[in-house]
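Okay, structure first, notes after.
The values are calculated or read from the model by the stated rules, or taken from the named source; none is laboratory data. If you're wondering where the values come from, they're calculated on a predicted model, not measured in any experiment. Virtual Cβ from ideal backbone geometry, glycine too; neighbours counted across all protein chains shown. The accessibility values were calculated without ligands, DNA or RNA, using every heavy atom of the protein model including side chains. Shrake-Rupley method; radii C 1.70, N 1.55, O 1.52, S 1.80 Å.
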Amino acid sequence: MPSPLNPHPNAHLDAGAFSNGAQIAAQLDRRAALTVPAAVSAVRHYTMLLETRIKAHASGRPGPNAPTGDYRRSWTHTVQTSGQTVVGTVGTNKPQARRLEYGFVGADSLGRVYDQQPYPHVGPAVAEVRPLFLSGMSQIAGGES
């Protein structure tokens with residue numbers, strides 16, 4: 001049965017009819033103009049949230065102890081945009097980050113032998129923030145922003 005809005009015999013009942021490609025293009029352009037800023041805002045929010053959660057997990061057991069706070073303070077974030085691409089990065093410049101997260105077994109470059117257990121703090125933070133980020137981006141893609 002054709003839709004009252006679209007006379008094609010295979011049209012869905014809720015389907016509208018567009019006879020003007022310029023109208024469709026204008027609607028898509030308007031939607032894109034709203035989507036990119038919403039995505040930038042969401043990426044900025046969840047990047048900051050991830051940094052905060054990493055710092056919280058790096059504040060004692062089961063994560064690493066942070067007696068001076070220097071390691072916690074070293075975590076930073078950046079958000080970069082290029083056209084319609086938005087990238088959020090969270091990281092640290094501290095060399096001990098990888099060892100703290102994953103542990104280390106074996107000799108280092110100076111011949112010292114270690115059996116250092118891991119103190120995960122990045123992985124648990126990502127596990128907490130990831131579903132929130134995906135939900136936020138899904139809302140933007142669905143037009144619920």
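The number of residues in segment 65-102 being closer than 12 Å to VAL40 by Cβ and in contact with a helix residue (DSSP H, G or I) (Cβ under 7 Å, 6 or more places away or on another chain) comes to 5.
A single entry from THR68, THR81, THR89 fulfils the requirement of being farther than 27 Å from PHE133 by Cβ and of a type outside the set (Asp, Glu): THR68. For the criterion of being within 30 Å of VAL36 (Cα to Cα) and open to solvent by 70 Å² or more (accessible area, probe 1.4 Å), GLN139 passes.
Within segment 105-122, the residues that satisfy the criterion of being of a type outside the set (D, E, K, R) and either surrounded by fewer than 13 Cβ atoms within 10 Å (Cβ to Cβ) or touching a strand residue (DSSP E or B) at 6+ places or on another chain (Cβ under 9 Å) (or both) are VAL105, GLY106, ALA107, SER109, LEU110, GLY111, VAL113, TYR114, GLN116, GLN117, PRO118, VAL122. Are any residues in segment 66-75 surrounded by 12 or more Cβ atoms within 10 Å (Cβ to Cβ) and more than 23 Å from GLY88 (Cα to Cα), and if so, which ones? Selection gives ALA66 alone. All of ARG98, ARG53, ARG44 fail the test of being of a type in the set (D, E, K, R), free of Cβ contacts under 8 Å to residues at least 12 places away in the same chain and open to solvent by 20 Å² or more (accessible area, probe 1.4 Å), apart from ARG98.
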